[in-house]
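FYI, it's all coordinate maths here, none of it is from the lab. Nothing here was measured: the structure is a model prediction, and the numbers come from that model. Reconstructed Cβ throughout: ideal geometry from the backbone, glycine too, with neighbour counts over all protein chains shown.
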Amino acid sequence: MDKQSKILNRRFYNRETLKVAQEMLGCFLVRKVKNKIIRAMITDVEAYVGEDDLACHASKGRTSRTEIMYGPAGHLYVYFVYGMHFIMNIVTEKKEFPAAVMIRGIKIDDVGYQKTNGPAKACKFLQIDKKLDGWDMTQGEKLWIERGVKIPKNKIKTGKRIGIDYAGHCTHYLWRFYIS
DNA sequence: ACGATGATGAAC
DNA sequence: TTCATCATCGTA
């Protein structure tokens, strides 16, 4: 089983975001920087789906910041918030339909069994910043996701997305998925 | 409960 | 060009 075959490809990401989000749980986010590899299991995600989702940055339409979400699936969307934090998302669904999965929590198996909760902490740990905005996650360089362990449906919890109180009726959508 | 701290988008 | 807001986190 070669490495390439484990890497999630564009077909995986180019599907309904809620499905992609749940299937990303248990997969391994792999970061390579200066020949060091960090491998982290994805444990907590949120879906942001289309212009009608008032919590999605694309609800304001196509801007320079959201442009990447309108492109092909499998690319990274990194943005900067609160003057100090980076947040990472993987673009999903077909070209021209803006959607993405945000990575909220990871668990690191390699070094000392650490885990992070919170999207900014995950970015900090994996050294992901604006320089990786738009990165193609399907090429197996610098940053990619590998097929991981299958999480049974009864181990997947749903919840409201965090920090989107401004999003009107969309606030209540159960579009956060995490491993219990 | 709140302040840090700067990009972003909307208003003007 | 200004202004309010923000998919957060650490300290209290």
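The spacing between the stretch A:150-180 and the stretch A:50-117, judged by their C-alpha centroids, is 15 Å. The simple Förster model, with R0 at 22 Å and r as the Cβ-Cβ distance, assigns A:K121 and A:R39 a FRET efficiency of 0.85. Rounded to the nearest 20 debye, the dipole magnitude of the stretch A:42-166 is 400 debye, with +1 charges on Lys and Arg beta carbons, -1 on Asp and Glu beta carbons, and the Cα centre as origin. Peptide packing for A:29-37, A:100-108 was compared via the average number of neighbouring C-beta atoms within 10 Å per residue; ordered from the highest value, the list is A:100-108, A:29-37. Under 15 Å from a point placed 7 Å out from the Cα of A:K6 along the Cα-to-Cβ direction: which residues of the stretch A:36-73 have their backbone N that close? Only A:37-42 fall inside the zone, counting backbone N under 15 Å. Extension gain for the segment A:K131 to A:V149, taken as residue separation times 0.36 nm less the Cα-Cα distance, is 3.5 nm to one decimal. When the stretch A:12-144 is described by a simple charge dipole with +1 on each Lys and Arg Cβ and -1 on each Asp and Glu Cβ, the residue from A:L132, A:Y79, A:A100 located farthest towards its positive end is A:L132.
Once the chain from A:R62 to A:K94 is taken as fully extended at 0.36 nm per residue, the excess over their C-alpha distance is 10.0 nm.
Over chain A, dividing the summed -39,500 (n - 2.57) contributions of all DSSP H runs of at least 4 residues by the number of residues returns a 222 nm mean residue ellipticity of -3000 deg cm²/dmol. Once you have a ≥ b ≥ c as the square roots of the Cα gyration tensor eigenvalues for the stretch A:76-147, tell me rounded if a/c is under 1.5, and otherwise prolate or oblate according to whether a/b is larger than b/c. Oblate is the answer for the stretch A:76-147, as a/c is 1.5 or above yet b/c matches or exceeds a/b. Label-to-label distance for A:K157 and A:K32 is 3.5 nm, based on points extended 7 Å past Cα in the beta-carbon direction. Taking amide hydrogens as placed 1.01 Å from N in the peptide plane, the amide H of A:R104 sits under 5 Å from those of A:D44, A:V45, A:E46, each at least 5 positions away in sequence or on another chain. Go through A:K19/A:K130; A:K36/A:K107; A:K19/A:K153 and tell me which ones have a Cα-Cα distance over 19 Å in this structure. Correct reply: A:K19/A:K130.
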